[in-house]
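Input: a single structure, listed below in structure tokens.
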Amino acid sequence: MKHIIAFAGSNSKQSINKKLVAYASSLVSNAEVKILDLNDFELPLFGVDVEKQQGFPENAQKFLDLIKSTDGIILSLAEHNGAYSAVFKNLFDWMSRIESKLWNNKPMLLMAASPGARGGASVLEIAKNRFPFNGGHIVSDFSLPNFGDNFKEDKIVNSEFNARLLKAVATFQNKL
């Protein structure tokens, strides 16, 4: 059986991206999925001086070890001011200092959701351009705009968007 980790690039307790991750994960068959919460991996704010004084934080190494031990990654990025959320960027920075190819070429379903009409398009574009330099193997991606209208009762209610997600999940699952 394959093992997958899934997480949102957000620390919001009401994260729409975590809701999307949970739903997308439920669509994967024949795999054990572990949904991670970035709140469980508290880290100091990255800085070279902090790294010199304290070394690498244990939680950054723990998260990196989870990536290394999995068969695939489902990640939905929150978009803050057109880029990664601070909590995700901080984790990303710490892990990349430990190991630059932090994604370890694991198959990845990359997603974003937003309350607006662009569906996190800016952060998805940033990640799709950046992650390959860090060992990212993005096999499919998905964007969900207008989250409040298109996602209700723990699932996507818009049939067109749901069909797109099903296709993205199938592509991801075939690459595991």
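Figures for the structure shown
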| read-out | value |
| --- | --- |
| Top-ranked residue in the range 118-169 [being among the hydroxyl-bearing types (Ser, Thr, Tyr) and out of contact with any helix residue (DSSP H, G or I) (no Cβ under 7 Å at 6 or more places or on another chain); ranked as farthest from ASP71 (Cα to Cα)] | SER159 |
| Single condition MET95 does not satisfy, out of (1) under 19 Å from VAL169 (Cβ atoms); (2) buried (at least 16 other Cβ atoms within 10 Å of the Cβ) | (1) |
| Test: residue in the range 99-119 that is part of a helix (DSSP H, G or I) and either surrounded by fewer than 21 Cβ atoms within 10 Å (Cβ to Cβ) or over 17 Å from the mean Cα position of the chain (by Cα) (or both) | no |
| Residue match in the range 99-118 (condition: of a type outside the set (Gly, Ala, Ser) and over 26 Å from LEU165 (Cα atoms)) | yes |
| Given (1) buried (at least 21 other Cβ atoms within 10 Å of the Cβ); (2) not in a helix (DSSP H, G or I), index of the condition PHE88 fails | (2) |
| Single match in PHE172, PHE142, PHE133, PHE161 (criterion: surrounded by fewer than 17 Cβ atoms within 10 Å (Cβ to Cβ) and either in a strand (DSSP E or B) or among the aromatic types (Phe, Trp, Tyr) (or both)) | PHE133 |
| Pairs, first under 14 Å from SER76 (Cα atoms) in the range 89-110, second of a type in the set (Asp, Glu), C-beta under 7 Å, six or more apart | LEU110/ASP141 |
| Those helices (runs of 4 or more DSSP H) lying entirely in the range 1-81 with at least 2 residues without any contact (Cβ under 8 Å) to a residue 60 or more places away in the chain and surrounded by fewer than 18 Cβ atoms within 10 Å (Cβ to Cβ) | 48-54, 58-69 |
| Candidates SER26, SER85, filtered to the one that is of a type outside the set (D, E, K, R) and more than 22 Å from GLY135 (Cβ to Cβ) | SER26 |
| Residue list for the range 132-144, filter: without any contact (Cβ under 8 Å) to a residue 60 or more places away in the chain and not hydroxyl-bearing (Ser, Thr, Tyr) | PRO132, PHE133, ASN134, GLY135, GLY136, HIS137, ILE138, VAL139, ASP141 |
| Extreme residue, surrounded by the fewest Cβ atoms within 10 Å (Cβ to Cβ), among residues of the range 145-158 that are within 20 Å of HIS80 (Cβ to Cβ) and without any contact (Cβ under 8 Å) to a residue 40 or more places away in the chain | GLY148 |
| Near pairs, Cβ below 8 angstrom, 6+ apart or cross-chain, from the range 117-131 (without any contact (Cβ under 8 Å) to a residue 12 or more places away in the chain) to any residue that is not in a helix (DSSP H, G or I) | ARG130/GLY136 |
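Every number here is computed from the coordinates shown, using simple stated rules; none is lab data. Just so it is clear, the model here is predicted, and its values are computed rather than measured. As a convention, Cβ positions derive from the backbone with ideal geometry for all residues, glycine included, and neighbour counts pool all protein chains shown.
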